[in-house]
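Notes follow once the structure below has been shown.
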Amino acid sequence: MSFLLDQFRIPGKVAVVTGAGGRGNSIGRAYALGLASAGASVVVADLNAAGAQRVCDEILSSGGKAIAVGVDITQPDSVANMAKAAADAFGGVDILVNNAALMAELAHATAIDIPLEEWNRIMNVNLTGALNCAKAIVPLMRQRGGGKIVNQVSGGAFPAISIYGISKLALVGLTTTLARQLGREKINVNAIAPGNTTSDAGRMLTPDESPFIKFLEASVAMRVRGAPDELVGALLLLCSPAGDWITGQVLHVDGGWVLRP
Ligand SMILES: NC(=O)c1ccc[n+]([C@@H]2O[C@H](COP(=O)([O-])OP(=O)(O)OC[C@H]3O[C@@H](n4cnc5c(N)ncnc54)[C@H](O)[C@@H]3O)[C@@H](O)[C@H]2O)c1
């Protein structure tokens, strides 16, 4: 039995988590803490460098290994610095979690009305940002003989009925494409599609009392909202040896959101 549990441990691995230092109770924070508790050294990366440092300090104070890095994932030079910081601190990278995104801050413009600059801004972060990170980190994974990439998509892409949903569905396409192209190099590429999660950003976007949440409560199979911690098991599956034969998949962690009528 202990052999099976050990498949979920990742001692000696180095993980980069983007978007891990923003709002207090964020999914990226839960991911960073979860990977550290499974034994990884964690690069806590975010546009918000002070927030990244706070999450890094949490990991260090509980006996884990981490560094904080300020990064703008839309800027290849900034992403290259993040990769270099990871390699300098920990000798390489084995795991990349592309979690940073614009979500709560997006206005609900229609596809016809959205200014092109705003469309480009969203795609630059939510899609191209993940590609920038993969371009910088995959060479480091190759040096280690393989790796794991997990892209954070969203239930909001199934179906895509918003600009945000389009950006996340495109990220599913990047996931399957990279999975196909990197598989022989032992780099697994998968996605997690969370349902409505009670991060601070999620609560800001859709408060518990909002009509949207009330509507969903009547239609989601199991439970509308999950906590950031409830996504961590899926992440560990996809980042650990337990997931070595899984690639190109979207793991829905959503209490049945995707099954709604
Ligand atoms: N909360 C939900 O209900 C929910 C549901 C499905 C998917 N998601 C996805 O989960 C992820 C995390 O969501 P969250 O609820 O924790 O939101 P969040 O806003 O707290 O996290 C997003 C993080 O990305 C960072 N970021 C934004 N632009 C960046 C850039 N250019 N470079 C680097 N970092 C940047 C922000 O600073 C922030 O820390 C996002 O990808 C989001 O789309 C969230």
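Coordinate-derived values only; no laboratory data. The structure displayed is predicted, hence computed values, not measured ones. Methodologically, a virtual Cβ is constructed for each residue, glycine included, from the backbone with ideal geometry; neighbour enumeration extends over all protein chains shown.
When the residues of the stretch 21-37 are filtered to those that are assigned to a loop (DSSP other than H, G, I, E, B) and within 7 Å of the ligand (Cβ to nearest atom), which remaining residue is surrounded by the fewest Cβ atoms within 10 Å (Cβ to Cβ)? By that ranking, first place goes to 23.
Looking only at the stretch 154-167, which residues are in contact (Cβ under 8 Å) with a residue 40 or more places away in the chain and either within 7 Å of the ligand (Cβ to nearest atom) or hydroxyl-bearing (Ser, Thr, Tyr) (or both)? Listed by number, the residues that qualify are 154, 155, 162, 164, 167.
Do you know which residues across the stretch 17-49 are among the polar types (S, T, N, Q) and under 12 Å from the mean Cα position of the chain (by Cα)?
Matches in the stretch 17-49: 18, 26.
Annotation: of all residues in the stretch 216-261 being surrounded by 17 or more Cβ atoms within 10 Å (Cβ to Cβ) and of a type in the set (Asp, Glu), the one that is farthest from residue 94 (Cα to Cα) is 254. Residues that are part of a loop (DSSP other than H, G, I, E, B), within 16 Å of residue 19 (Cβ to Cβ) and not small (Gly, Ala, Ser) within the stretch 61-103 comprise 71, 72, 73, 74, 75, 99, 102, 103, listed in sequence order. Only one entry of 42, 93 meets the criterion of being β-branched (Val, Ile, Thr) and free of Cβ contacts under 8 Å to residues at least 40 places away in the same chain, and that entry is 42. Every residue in the stretch 182-215 that is surrounded by fewer than 19 Cβ atoms within 10 Å (Cβ to Cβ), touching a residue at least 24 places away in the same chain (Cβ under 8 Å), out of contact with any Lys or Arg (no Cβ under 7 Å at 6 or more places or on another chain) and not charged (D, E, K, R), please. Across the stretch 182-215, the qualifying residues are 183, 204, 205.
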